[in-house]
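Engineer: Just dropping this structure here.
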Amino acid sequence: MIGELIPYLAPTVILLLILGSAIKILPEYQRGVVFFLGRFQGVKGPGLIIVIPGIQQIVRVDLRVVVLDVPSQDVISKDNVTVRVNAVLYFRVVDPERAIIRVEDFNSATSQLAQTTLRSVLGKHDLDEMLSERDKLNSDIQEIIDAQTEEWGIKVANVEIKHVDLNESMIRAIARQAEAERERRAKVIHAEGELQASKKLVEAARVMSAESGAMQLRYLQTMADMSGSNSSTIVFPMPMDLVRPFMEKSFRNTQGGSNDSAE
């Protein structure tokens, strides 16, 4: 009985191998680009796909977002500062047909394009812009890469600059610049405060000169402030009405002496 089945064993095994190679199962996140005798036939999937071995060929394409780490690049900024910059790129395939037919290896091509674009865009900006305007730079790089990869059926979702590395001498120079900037702001604020205070003092002097009792009130307020401190200084208050006649007499004597000397 077994001997009668032996002639059919080899064809059965071959048939099973052919069926195994013909049946393809694609998950939800994959698509299959099918070629018939080398010519594009269509995009299939997900699910069960039947491919005729030797006649049809299928290339799997992943539709999930790919996280691409852009290697560190040496960039010379617009103000001639050399820095090392690396970034991360997020993209996905939106057209499997173009991603397979129009570019040999879309992952490698996107990586190389991201590196050259990163150097080109950052080289047009100063170091201060690289450090303070990363959102704008990320948007510019993303738009440029996305415009060029659209022909390949690839959509660039986002680009993020991760690190901008400087040498030690440049870090010290930036620290000195920041310290000088803080000192400049402190001096400007102090000068503005002095200017405002001087204007207020002038206004206060005008008010006191217009009101005869204002100076007396200020005098009493000063005495109250001095008495509240822990000072051993003894101050004897004297009314201005008592002092004024002596001051006027001293002034007249001084004027009279001056006139006699002139004669």
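Rule-based calculations on the coordinates, nothing more; no lab input. These numbers were taken from a predicted model, which means no experiment stands behind them. With ideal geometry, Cβ positions are generated from the backbone for all residues, glycine too; neighbour counts draw on all protein chains shown.
Engineer: How would you order 61-69, 99-107, 187-195 from highest to lowest mean count of nearby Cβ atoms within 10 Å? Present the calculation step by step, with values, prior to reporting the outcome.
Structural biologist: Values: 61-69: 14.4, 99-107: 16.2, 187-195: 10.0.
Ranked by mean Cβ neighbours within 10 Å, highest first: 99-107, 61-69, 187-195.
Engineer: Aspartates and glutamates within cross-link reach of LYS44: Cα-Cα under 18 Å, excluding same-chain residues under 8 positions apart?
Structural biologist: List returned: GLU28, ASP62, ASP95, GLU97.
Engineer: Once Rh is set to the Kirkwood radius over Cα pairs, what Stokes-Einstein translational diffusion coefficient, in µm²/s, holds for segment 41-199 at a temperature of 37 °C and a viscosity of 0.692 mPa s?
Structural biologist: On the way: Rh = 19.2 Å.
The Stokes-Einstein estimate is 171 µm²/s.
Engineer: Let me ask something else about it. Measure off 7 Å from each Cα along the Cα-to-Cβ vector at ASP69 and ILE14, then give the distance between these two points in nanometres to one decimal.
Structural biologist: Using points 7 Å along Cα→Cβ, the separation is 5.0 nm.
Engineer: Please compute the modelled spin-label separation between GLU151 and GLN221, points set 7 Å along Cα→Cβ, answer in nm with one decimal.
Structural biologist: Taking the simple label geometry, GLN221 and GLU151 are separated by 7.9 nm.
Engineer: How many percent of all Cα-Cα pairs in segment 105-217 sit more than 25 Å apart? Don't skip to the end; give the middle numbers.
Structural biologist: Details: 3568 of 6328 pairs.
In whole percent, the long-distance tail amounts to 56.
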